[in-house]
1. (1) farther than 30 Å from Phe180 by Cβ; (2) surrounded by 11 or more Cβ atoms within 10 Å (Cβ to Cβ); (3) at pLDDT below 85: which one isn't true of Thr127, the others all being true?
2. Residues that are at pLDDT 90 or above, open to solvent by 90 Å² or more (accessible area, probe 1.4 Å) and either out of contact with any His (no Cβ under 6 Å at 6 or more places or on another chain) or of a type in the set (Val, Ile, Thr) (or both): does the stretch 192-205 have at least one?
3. From (1) closer than 16 Å to Leu183 by Cβ; (2) in a helix (DSSP H, G or I); (3) at pLDDT 90 or above, pick out the condition that doesn't hold for Asp121.
4. Looking at Arg34, Arg40, Arg85, Arg65, which one is in contact (Cβ under 8 Å) with a residue 24 or more places away in the chain, closer than 15 Å to Met100 by Cα and among the basic types (Lys, Arg)?
5. Go through the stretch 60-80 residue by residue and tally those that are more than 14 Å from Ile94 (Cα to Cα) and not in a strand (DSSP E or B).
6. For the stretch 96-116: of the residues being open to solvent by 90 Å² or more (accessible area, probe 1.4 Å) and in a helix (DSSP H, G or I), which is farthest from Ala53 (Cα to Cα)?
Amino acid sequence: NEKLSGMGKAILSLLGVVAKAQGRSKAIENVKKRLLEYNRQIYVFIDDCDRLAREELLQVLSLIRNTGDFPLVTYIMAFDESVIRRTINDEDGIQYVAKMFNLTEVLPPVTDNTIAHYLMDSIVLMTGKNEGSENPFSRIPITKYLPTVREAKKYLNLLYTDYAHLKERIDKYLFYSEDFFLLELLKYKFPDVYYELRAKPRKYLR
């Protein structure tokens with residue numbers, strides 16, 4: 001891809017300029033010059049900002065403001081505002097964070113339908129089978145257990161591991177795969193309950 005190749009060359013060129021430049025201010029000026037010569041908009045995505053500690057978050061913002069303020073470069077940061085407010089925990093810090101952003105876009109919460117379809121699409125890719133059956137995740141308020149895509153991915157990682165281990169038995173015997181998916185959800189979210197049920201099935205299943 002010509003654009004990707006051009007971007008890669010530009011980044012390597014910038015790294016070379018910074019490495020050879022004498023002093024911080026000269027390095028920054030050289031980077032700005034090269035960016036203007038490249039003359040293409042660059043977007044830098046920074047995810048999981050709300051997982052940083054207070055000082056780490058302020059350091060990132062300070063770095064962007066004082067060092068990374070380059071022409072044609074736009075920073076897009078993803079975070080949960082309520083978590084950021086709890087992390088900063090003082091009005092001066094919150095005002096400092098607010099001044100950093102020219103535009104804020106509030107994303108709607110993830111719906112049950114979105115997570116349910118994401119899980120089922122991922123499972124179809126994993127198993128290679130599309131049985132056309134009802135999506136078991138649509139029968140429960142799935143976001144109560146997997147409120148974010150990140151949580152859904154963690155659950156899928158567990159499911160992938162267990163499916164790979166049990167695949168031969170799953171393919172050999174007839175069983176309700178929907179039950180297996182929901183049991184895996186129980187194992188992910190409430191492991192104590194899952195292992196109690198597994199150890200004493202007759203106690204609960206009558």
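1. Every listed condition holds for Thr127 apart from (1).
2. Yes, some residue in the stretch 192-205 is at pLDDT 90 or above, open to solvent by 90 Å² or more (accessible area, probe 1.4 Å) and either out of contact with any His (no Cβ under 6 Å at 6 or more places or on another chain) or of a type in the set (Val, Ile, Thr) (or both).
3. Among (1) closer than 16 Å to Leu183 by Cβ; (2) in a helix (DSSP H, G or I); (3) at pLDDT 90 or above, the lone unmet condition for Asp121 is (1).
4. On the way: Arg34 fails: closer than 15 Å to Met100 by Cα; Arg40 fails: closer than 15 Å to Met100 by Cα; Arg85 fails: in contact (Cβ under 8 Å) with a residue 24 or more places away in the chain.
When all the criteria are applied, what remains is Arg65.
5. Restricting attention to the stretch 60-80, the residues satisfying the condition of being more than 14 Å from Ile94 (Cα to Cα) are 60, 63-78.
With not in a strand (DSSP E or B) added as a condition, the list becomes 60, 63-72, 78.
Residues in the stretch 60-80 being more than 14 Å from Ile94 (Cα to Cα) and not in a strand (DSSP E or B): 12 in total.
6. Step one: list which residues in the stretch 96-116 are open to solvent by 90 Å² or more (accessible area, probe 1.4 Å), which gives 99, 102-109, 113.
Now narrow it down to the ones that are in a helix (DSSP H, G or I): 99, 113.
On the way: Lys99: 19, Asn113: 33 Å.
Looking at the filtered set, the residue picked out is Asn113.
The values are calculated or read from the model by the stated rules, or taken from the named source; none is laboratory data. As the structure is a computational prediction, the values presented were derived from the model and not from experiment. Cβ atoms come from the backbone with ideal geometry, glycine included; neighbour counts cover every protein chain shown. Only protein heavy atoms, including side chains, enter the accessible area calculation; ligands, DNA and RNA are left aside. Shrake-Rupley method; radii C 1.70, N 1.55, O 1.52, S 1.80 Å.
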